[in-house]
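Asker: Could you have a look at this structure, given as structure tokens, before my questions?
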Amino acid sequence: MTTTRIGGYAALGDYGVLGDGHAGALVATDGAVDWFAAPRLDAPPLCAALLDPAEGGAITLAPTVPYESSQRYLSDTMVLQTTFRCESGEVQVTDALTLGSGGPLPWTELARRIEAVSGEVPMRWQVRPGHRLGTGRPWGRWRDDVPVLEAGPVQLAVVADGVGTPVLDSGTVAAEFTAHAGERALIAVVANSAEPLPRPTAADVQGRVDHTVDFWRRWCADVDYDGPYMEAVRRSALTLKALTLSPYDGIASALTTSLPERVGGQRNFDYRFGWVRDASFSLDAMSRLRLTEEVHGALSWLLRAVSRTAPEVRALYTLDGAPASDEMAAIDSLPGYRDSPPVHIGNAAASQLQLGAYGDLMDAVWRYTEHGGYLDASSAAVLTGITDRTCEVWRSEDAGIWELGNLAHYTISKIGCWVALDRAVRLAEAGQLSTPHVARWRCERDAVHAWVDERCWSATKQSYTFYAGTDELDAAVLLAARTGFLSGDDPRLRSTIAAVQTELTAGGPLLYRYTGMRDEEGAFLACTFWLVEALALAGQRAEAQKVLDQALDYSGETGLYSEEVDPASGELRGNLPQGLTHLALIGAATTVRSR
């Protein structure tokens with residue numbers, strides 16, 4: 001294929017993602033690293049051509065003659081291989097954020113191995129950091145014979161071997177060379193912040209590329225899944241691991257900020273935070289795949305985060321588990337992806353009341369104990385207080401799962417409160433929580449269910465609704481099946497599924513999030529996978545499998561999903577890669593397998 005850029009922007013489906021537990025990068029099929037966040041996933045990106053092709057910065061590597069390219073992951077790894085084919089020969093570029101013997105390195109190392117498969121191919125490369133989302137301009141200098149770039153607090157050393165003579169010009173390093181069949185060359189960008197900058201040899205980096213391949217394959221071998229859709233499930237698990245910040249175990253909702261839900265629209269948000277919802281889904285998904293270390297890590301991050309705000313539960317926290325600021329700054333000087341401003345730093349949803357977070361937390365804790373885990377006394381005390389708080393707040397209006405500005409009695413939020421109380425009762429009955437209030441918890445749990453049945457059911461639509469007192473619909477109510485709020489044989493589940501499919505359809509397997517969004521944004525991919533899970537739980541396995549088969553066609557070439565998809569063009573939209581989408585995919589595939 002040939003990468004087609006519009007105004008300097010590549011399609012989101014043309015990217016592969018790299019991760020090492022600390023940093024993250026997006027590599028396009030034309031060899032450009034258009035997003036490079038280091039030393040942490042949530043740091044101002046060193047390269048952000050994704051949002052500003054002219055000044056955002058990129059690390060490019062490609063033939064200087066016409067070519068076609070393709071991209072794939074080396075099997076069961078987060079190591080990416082881009083193949084360039086031109087008249088004079090064929091070249092493979094292997095990209096990795098390398099790992100050390102014990103996991104992530106103390107520094108960030110982006111390695112680009114170049115191997116000519118045949119012939120001779122003229123190549124050009126450039127390392128050009130950008131403005132780090134408007135926080136400063138890079139500059140460069142030679143240190144001995146190594147070009148070093150300064151980008152704010154981050155230093156970058158460029159290790160070049162067999163790729164021509166590097167030329168340093170202000171804040172850019174570049175060179176041209178010819179790749180010859182049978183020869184191996186290397187470019188590596190070594191980054192560090194507020195610490196000494198290492199100078200590895202090319203041989204050291206080459207060895208770590210091989211070690212990184214082995215590491216990912218060993219990790220992937222622990223994924224206990226051999227059913228249908230195995231490739232998609234494993235790719236999703238690998239992607240989620242790459243979005244998890246070590247050593248804190250906070251999972252980023254996405255690697256990027258401000259990729260629009262609709263080109264030309266303004267629904268552009270910063271997703272470089274950890275959502276309680278995503279951590280809960282992650283614990284469930286990793287439990288299904290028997291990844292016990294990741295299960296424990298997800299719960300540890302959750303408990304560490306919520307203990308700082310208990311008895312209140314926030315919707316999102318920083319990746320190291322601290323309360324996130326609700327300041328959301330717009331950088332007016334940046335054009336944004338496909339000229340879709342604003343570019344945002346921060347997320348105002350940090351201060352919203354989202355009652356569903358209470359249910360997400362307690363469901364995660366319950367699932368952890370169901371797999372043999374025990375709560376410590378301090379955590380149990382925090383969770384008891386949070387449950388008591390749920391009894392007080394469930395009658396409140398909130399912003400809902402979709403983080404809306406209009407407060408309402410959202411159905412999925414009330415279901416979340418029911419989940420919180422139901423799981424707390426189960427934990428108390430299992431001896432994990434000690435409280436004199438369990439009778440009240442039972443009473444309030446039953447009251448929530450009755451309230452939802454009375455006020456959030458539409459006799460006209462034969463469906464649970466978006467919020468109390470409306471006939472509008474919300475695809476998130478499909479989660480009533482996986483939570484147990486509705487049993488699989490409840491006729492209200494089947495009629496709700498049918499109503500959502502009819503009213504919120506975006507064509508084929510795709511769904512809009514809720515009534516009225518057809519002209520506002522693309523189809524929300526997680527909703528499609530929630531539909532698959534609901535269908536399977538309702539006993540409609542054949543239909544569930546059909547929808548899942550269709551949904552898998554919307555991933556990029558490398559099996560990655562963003563937040564949304566444009567129903568008309570099939571192009572990915574929204575931040576990339578989207579953790580919630582990959583979590584929902586694992587839930588859908590494993591549920592279909594078990595039915």
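The values are calculated or read from the model by the stated rules, or taken from the named source; none is laboratory data. Keep in mind the model is a prediction, meaning the values are calculated, not measured. Virtual Cβ from ideal backbone geometry, glycine too; neighbours counted across all protein chains shown. In case anyone asks, the SASA skips ligands and DNA or RNA and just uses the protein heavy atoms, side chains included. Shrake-Rupley method; radii C 1.70, N 1.55, O 1.52, S 1.80 Å.
Asker: Exactly one condition in (1) at negative phi; (2) surrounded by fewer than 20 Cβ atoms within 10 Å (Cβ to Cβ); (3) over 28 Å from the mean Cα position of the chain (by Cα); (4) not acidic (Asp, Glu) is false for residue 431; which is it?
Answerer: (1)
Asker: Now a separate question. Let me spell it out: the conditions are (1) open to solvent by 30 Å² or more (accessible area, probe 1.4 Å); (2) part of a loop (DSSP other than H, G, I, E, B); (3) closer than 24 Å to residue 46 by Cα; (4) not acidic (Asp, Glu), and residue 163 meets all of them except one. Which number is the exception?
Answerer: In the conditions (1) open to solvent by 30 Å² or more (accessible area, probe 1.4 Å); (2) part of a loop (DSSP other than H, G, I, E, B); (3) closer than 24 Å to residue 46 by Cα; (4) not acidic (Asp, Glu), residue 163 misses (1) alone.
Asker: Any idea how many residues of segment 226-240 are among the hydroxyl-bearing types (Ser, Thr, Tyr) and either within 21 Å of residue 251 (Cα to Cα) or more than 21 Å from the chain's Cα centre (by Cα) (or both)? Reasoning before the result, please.
Answerer: Narrowing segment 226-240 to residues among the hydroxyl-bearing types (Ser, Thr, Tyr): 229, 236, 239.
Retained after the next criterion (residues that are either within 21 Å of residue 251 (Cα to Cα) or more than 21 Å from the chain's Cα centre (by Cα) (or both)): 236, 239.
Adding up the residues that qualify gives 2.
Asker: Please specify each residue of segment 484-529 satisfying the condition of being at pLDDT 95 or above, of a type in the set (Asp, Glu) and surrounded by 19 or more Cβ atoms within 10 Å (Cβ to Cβ).
Answerer: none
Asker: Being touching a residue at least 12 places away in the same chain (Cβ under 8 Å) and open to solvent by 40 Å² or more (accessible area, probe 1.4 Å) is the filter here; which residues of segment 170-196 pass it? Even if it seems obvious, please write down each step before you answer.
Answerer: Taking segment 170-196 as the starting set, the residues that turn out to be touching a residue at least 12 places away in the same chain (Cβ under 8 Å) are 170-195.
Across segment 170-196, the qualifying residues are 170, 176, 178, 180, 181, 182, 183, 184, 194, 195.
Asker: Going through segment 311-334 one residue at a time, which ones are assigned to a loop (DSSP other than H, G, I, E, B) and open to solvent by less than 40 Å² (accessible area, probe 1.4 Å)?
Answerer: At the first step, the residues of segment 311-334 found to be assigned to a loop (DSSP other than H, G, I, E, B) are 311-315, 318-322, 324-328, 332-334.
Matches in segment 311-334: 313, 315, 318, 319, 321, 322, 324, 334.
Asker: Does any residue of segment 203-210 turn out to be buried (at least 21 other Cβ atoms within 10 Å of the Cβ) and at positive phi?
Answerer: The answer is no, given that none of the residues of segment 203-210 is buried (at least 21 other Cβ atoms within 10 Å of the Cβ) and at positive phi.
Asker: Looking at (1) within 20 Å of the chain's Cα centre (by Cα); (2) open to solvent by less than 10 Å² (accessible area, probe 1.4 Å), which is the one condition that is false for residue 104?
Answerer: Against the list (1) within 20 Å of the chain's Cα centre (by Cα); (2) open to solvent by less than 10 Å² (accessible area, probe 1.4 Å), residue 104 comes up short only on (2).
Asker: Quick one: in segment 381-393, which of the residues that are among the aliphatic types (A, V, I, L, M) and open to solvent by 20 Å² or more (accessible area, probe 1.4 Å) is farthest from the chain's Cα centre (by Cα)? Reasoning before the result, please.
Answerer: Looking only at segment 381-393, we keep the residues that are among the aliphatic types (A, V, I, L, M), and these are 381-383, 386, 393.
Filter again for open to solvent by 20 Å² or more (accessible area, probe 1.4 Å), leaving 381-382.
Details: 381: 31, 382: 28 Å.
Checking each candidate, the answer is 381.
Asker: Quick one: how many residues across segment 1-13 are outside any loop (DSSP other than H, G, I, E, B) and surrounded by fewer than 24 Cβ atoms within 10 Å (Cβ to Cβ)? Outline the logic, then answer.
Answerer: First, the residues of segment 1-13 that are outside any loop (DSSP other than H, G, I, E, B): 6, 9, 12-13.
Pick out the ones that are also surrounded by fewer than 24 Cβ atoms within 10 Å (Cβ to Cβ) and you get 6, 9, 13.
Residues flagged as outside any loop (DSSP other than H, G, I, E, B) and surrounded by fewer than 24 Cβ atoms within 10 Å (Cβ to Cβ) within segment 1-13 amount to 3.
Asker: Kindly indicate the residue of segment 110-139 that is surrounded by fewer than 20 Cβ atoms within 10 Å (Cβ to Cβ) and in contact with a His (Cβ under 7 Å, 6 or more places away or on another chain) and also farthest from residue 89 (Cα to Cα) among those meeting that condition. Steps first, answer last, please.
Answerer: Here is the first cut: in segment 110-139, the residues surrounded by fewer than 20 Cβ atoms within 10 Å (Cβ to Cβ) are 115, 117-120, 122, 124, 126, 134-137, 139.
Next cut, in contact with a His (Cβ under 7 Å, 6 or more places away or on another chain) only: 120, 137.
On the way: 120: 5, 137: 38 Å.
Filtering segment 110-139 for residues that are surrounded by fewer than 20 Cβ atoms within 10 Å (Cβ to Cβ) and in contact with a His (Cβ under 7 Å, 6 or more places away or on another chain), the one farthest from residue 89 (Cα to Cα) comes out as 137.
Asker: Hey, another quick one. Scan segment 283-297 and give yes if some residue there is closer than 30 Å to residue 342 by Cβ and either among the hydrophobic types (A, V, I, L, M, F, W, C) or touching a residue at least 12 places away in the same chain (Cβ under 8 Å) (or both), otherwise no. Lay out the reasoning, then the answer.
Answerer: Initially, segment 283-297 is screened for residues closer than 30 Å to residue 342 by Cβ, giving none.
The answer is no, given that none of the residues of segment 283-297 is closer than 30 Å to residue 342 by Cβ and either among the hydrophobic types (A, V, I, L, M, F, W, C) or touching a residue at least 12 places away in the same chain (Cβ under 8 Å) (or both).
Asker: OK, next. Restricting segment 394-418 to residues that are open to solvent by less than 10 Å² (accessible area, probe 1.4 Å) and among the hydrophobic types (A, V, I, L, M, F, W, C), which is farthest from the chain's Cα centre (by Cα)?
Answerer: Here the answer is 394.
Asker: (1) open to solvent by less than 20 Å² (accessible area, probe 1.4 Å); (2) of a type in the set (Val, Ile, Thr); (3) closer than 30 Å to residue 170 by Cα; (4) not in a strand (DSSP E or B): which one isn't true of residue 65, the others all being true?
Answerer: Of (1) open to solvent by less than 20 Å² (accessible area, probe 1.4 Å); (2) of a type in the set (Val, Ile, Thr); (3) closer than 30 Å to residue 170 by Cα; (4) not in a strand (DSSP E or B), only one is false for residue 65: (1).
Asker: Can you give me the number of residues within segment 140-160 that are aliphatic (A, V, I, L, M) and open to solvent by 10 Å² or more (accessible area, probe 1.4 Å)?
Answerer: Of all residues in segment 140-160, those aliphatic (A, V, I, L, M) come to 146, 148-149, 151, 154, 156-160.
Next, only the ones that are open to solvent by 10 Å² or more (accessible area, probe 1.4 Å) stay: 146, 159-160.
Of the residues in segment 140-160, 3 are aliphatic (A, V, I, L, M) and open to solvent by 10 Å² or more (accessible area, probe 1.4 Å).
Asker: Could you say whether any residue in segment 456-473 is among the aliphatic types (A, V, I, L, M), within 21 Å of residue 284 (Cα to Cα) and under 29 Å from the mean Cα position of the chain (by Cα)?
Answerer: If we filter segment 456-473 for residues that are among the aliphatic types (A, V, I, L, M), which is where we start, we get 459, 468, 473.
Next cut, within 21 Å of residue 284 (Cα to Cα) only: none.
No, because not a single residue in segment 456-473 is among the aliphatic types (A, V, I, L, M), within 21 Å of residue 284 (Cα to Cα) and under 29 Å from the mean Cα position of the chain (by Cα).
Listed here are the residues, each with its yes/no results for (1) open to solvent by 10 Å² or more (accessible area, probe 1.4 Å); (2) outside any loop (DSSP other than H, G, I, E, B); (3) touching a residue at least 24 places away in the same chain (Cβ under 8 Å); (4) within 29 Å of residue 85 (Cβ to Cβ).
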| position | (1), (2), (3), (4) |
| --- | --- |
| 16 | no, yes, yes, yes |
| 31 | no, no, yes, yes |
| 34 | no, yes, yes, yes |
| 41 | no, no, yes, no |
| 45 | no, no, yes, no |
| 50 | no, no, yes, yes |
| 55 | yes, no, yes, no |
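Asker: Inside segment 241-262, can you point out the residues that are of a type in the set (D, E, K, R), under 16 Å from residue 561 (Cα atoms) and within 16 Å of the chain's Cα centre (by Cα)?
Answerer: So in segment 241-262, the residues of a type in the set (D, E, K, R) come out as 241, 249, 261-262.
With under 16 Å from residue 561 (Cα atoms) added as a condition, the list becomes 241, 261-262.
Within segment 241-262, 241, 261 qualify.
Asker: Give me the pairs: first residue in segment 421-443 and outside any helix (DSSP H, G or I), second residue of a type in the set (Val, Ile, Thr) and crowded, with 18+ Cβ neighbours inside 10 Å, beta-carbon distance under 6 Å, and six or more apart or on different chains, which are they?
Answerer: 432/369; 433/384; 435/384
Asker: What number of residues within segment 538-565 satisfy the criterion of being touching a Lys or Arg at 6+ places or on another chain (Cβ under 7 Å), part of a loop (DSSP other than H, G, I, E, B) and of a type in the set (A, V, I, L, M, F, W, C)?
Answerer: So the count comes out to 1.
Asker: Could you go through segment 87-95 and let me know if any residue there is assigned to a strand (DSSP E or B), among the β-branched types (Val, Ile, Thr), at pLDDT 95 or above and more than 30 Å from residue 195 (Cβ to Cβ). Quick ask: steps written out before the conclusion?
Answerer: At the first step, the residues of segment 87-95 found to be assigned to a strand (DSSP E or B) are 89-95.
Adding the requirement that they be among the β-branched types (Val, Ile, Thr) leaves 91, 93-94.
Checking the rest, the ones that are also at pLDDT 95 or above come to 91, 93-94.
Cutting the leftovers down to more than 30 Å from residue 195 (Cβ to Cβ) gives us 91.
Checked against the condition, which is being assigned to a strand (DSSP E or B), among the β-branched types (Val, Ile, Thr), at pLDDT 95 or above and more than 30 Å from residue 195 (Cβ to Cβ), segment 87-95 yields at least one hit.
Asker: Same structure, new question: Let me spell it out: the conditions are (1) open to solvent by less than 10 Å² (accessible area, probe 1.4 Å); (2) free of Cβ contacts under 8 Å to residues at least 40 places away in the same chain, and residue 81 meets all of them except one. Which number is the exception?
Answerer: The failed condition is (1).
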